[in-house]
Structures are given as structure tokens and as C-alpha cells.
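Structure, as C-alpha cells:
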Amino acid sequence: MIGVVGCGAMGLPMALRLQKAGYPVWGFDIRPSEQFSDFAPRMLNSAAELAHRCDVVISVVRDHEQTEQMLFGDSGLVLANMQCQTLILSSTLDPNYVRALPPRLPASLCLLDAPMSGAPIAAERGSLSFMLSGDTATLDALKPIFSTMGRHFHRLGHSVGAGHTAKVLNNFSAAMSVVVTRQLMEIGTELGIERGQLFDVMNSSSGQNWFSSGFDDISWSRQGYVHENTIGILEKDVNCFAQAVEDLASDELIELKHALLINLKTLKPIN
């Protein structure tokens, strides 16, 4: 059986993809189960219940704090008598935190590094991109599960944390694309270039990026900054990047990070 912790914008469609493929899937989220429509009967009351019931648990919680609570809090996943054999970390976390986790976990629990990218639309379509590191044999054995949820798989070695290192680098680039594209849209409007016209030019020219080419498919593309929404999650991801490169970062990169965070917080909703 497979458990999914964090059945939000990404976790729930991942769980539904697995269920549609015939896997027995259970979920847990801090929100009440009645908010999960047809999947509500599959929602359990704690991460501990998932640990008792599921062989594989996929964590898609928001951040480091929620991961700590999910693992080690009251009714957390880590139990002496749990059935769970494999924990897949698919949240975006500081790679240093991920690398420090294995000694804190039971020896019987295999930790796999598997952050994903692609926005909710890719989770719904089963076309996520996974950045994978950890035990090779376990990753090979779980390939059918990953193939149900994703289309692109990047194997980054045996060391847990490598997947998250690649993810925070990727997400820094994504956050830059979001900020720059949104600002160019505003400037274009002021200069008499409509959004559709600008995107037609960008997406067939050198200005193309993931956000511009997927703007109409990305469910949160018109959001303004709110700490709890996806733009707010991008802020968290940029901070994860900063933590990962803290010992390597130049003054210029630190300034770029600060400027990016400031600009993320200025984004307003688009009607």
C-alpha cells in the first residue's frame, strides 16, 4: 500500500493518479477529510496511521517544519513497530536538512530523495519531473510508482540530498522566470503590447521560459503573493536555495536572492 502525506495541490493529484492506476492509496493531511471529495474515505487521521498501514509513504508537505512534525511529532510517522519500509521525500527542502535525516530514522526505513517539479497540472497529467537519489535497488523497484506520477526521471546518484540540491537550483531559476515574466507583462501592457502578443514573441524566440510557455496551464500563474499560496511557496524555495549554497554564495548571488524575494512579494493578483 502507498501513503501520501500532504494532499494539497500536488499531493492529492499524485494520490489520485496512483489510485487510478490500481494502487491501494491512503492519504493524510492536516485539513479535515471532508475537504477531499471522493478521496475523503481514503484519508486517515495521522501520519502514524499511514506508517502502520502502508509499505511506501510519499511526503509532499510544505516545508522543513511540517516534515519534522510529520516524522517526529505526536502521531508522527517514525514508530518502532511501523510497517512502512520506504519514505519518499517529494517536498522541496534544504538539502542539508535531507542529508542529516538518515541517522535520525529507524535503520529499517529506506529514505529516498525524490523532489518533483511541474506544477499541479503536471501532477494531474502524470507528467512530473522527478530528481532522484538514494538506494539504487529501491529506486529501481519503485520505478512503476514513479512512472505513474511522472514522465521525466533524473537519477542523481546514491547520496540522499543530491535530488534536493538539483531541485533548489531548478526552483531558483523557476522563481526568476516567474518574477521577470510577470514584470514584463506589466511593462508590455504599459507600452501597448498585450500579454498574448508578448507571449507569442517570447515563446517562439530567445525569451521563452517555463512560466511564459505554461502560463495558461499553470493554475497559480495569476496569483499575487500570499505566504500560504504557491507564490509564497516559491519564497520558501528561494530560501532553501540560499541555505544550500550558504558556504559558496558570492556577494552578488546573495544580493540577487534578496532582490528576488523582494520582487516576489510585490506580485499582485491578475484578473
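The values are calculated or read from the model by the stated rules, or taken from the named source; none is laboratory data. Small disclaimer: the values here were computed from a predicted structure and weren't measured. With ideal geometry, Cβ positions are generated from the backbone for all residues, glycine too; neighbour counts draw on all protein chains shown.
General remarks:
- Subset of segment 154-176 [farther than 30 Å from T266 by Cβ, within 16 Å of the chain's Cα centre (by Cα) and surrounded by fewer than 19 Cβ atoms within 10 Å (Cβ to Cβ)]: H154
- Count of segment 35-91 residues which are under 20 Å from the mean Cα position of the chain (by Cα) and of a type in the set (S, T, N, Q): 7
- Residue in segment 73-80 that is in contact (Cβ under 8 Å) with a residue 24 or more places away in the chain, among the polar types (S, T, N, Q) and either in the same structural domain as F153 (by TED's automatic domain parsing) or surrounded by 18 or more Cβ atoms within 10 Å (Cβ to Cβ) (or both) present: yes
- Here S205, S177, S212, S221 are screened, and the one residue that is in contact with a Phe, Trp or Tyr (Cβ under 8 Å, 6 or more places away or on another chain) and assigned to a loop (DSSP other than H, G, I, E, B) is S221.
- Considered as a group, the residues in segment 91-135 that are in a loop (DSSP other than H, G, I, E, B) and in contact (Cβ under 8 Å) with a residue 40 or more places away in the chain include one that is farthest from L12 (Cα to Cα), and that residue is L101.
- Single residue of S46, S59 found to be crowded, with 21+ Cβ neighbours inside 10 Å and in contact with a Ser or Thr (Cβ under 7 Å, 6 or more places away or on another chain): S59
- Tally of residues being touching a Leu at 6+ places or on another chain (Cβ under 7 Å) and not aromatic (F, W, Y) across segment 215-244: 6
- Meets criteria (modelled with pLDDT of 95 or more, in a loop (DSSP other than H, G, I, E, B) and not polar (S, T, N, Q)) for G188: no
- Residue within segment 155-178 that is farther than 30 Å from A51 by Cα and among the β-branched types (V, I, T) present: yes
- Residue that is surrounded by the fewest Cβ atoms within 10 Å (Cβ to Cβ) [pool: residues in segment 105-123 that are modelled with pLDDT of 95 or more and not aliphatic (A, V, I, L, M)]: C110
- Single residue of segment 217-234 satisfying the filter (free of Cβ contacts under 8 Å to residues at least 40 places away in the same chain and closer than 23 Å to E255 by Cα) that is surrounded by the most Cβ atoms within 10 Å (Cβ to Cβ): G232
- Condition check for Q183 on (1) over 17 Å from the mean Cα position of the chain (by Cα); (2) under 27 Å from V25 (Cα atoms); (3) not assigned by TED's automatic domain parsing to the domain that holds P115: one failure, at (2).
- Considering the conditions (1) without any contact (Cβ under 8 Å) to a residue 60 or more places away in the chain; (2) among the hydrophobic types (A, V, I, L, M, F, W, C); (3) in a helix (DSSP H, G or I), A249 is excluded by exactly one of them, (3).
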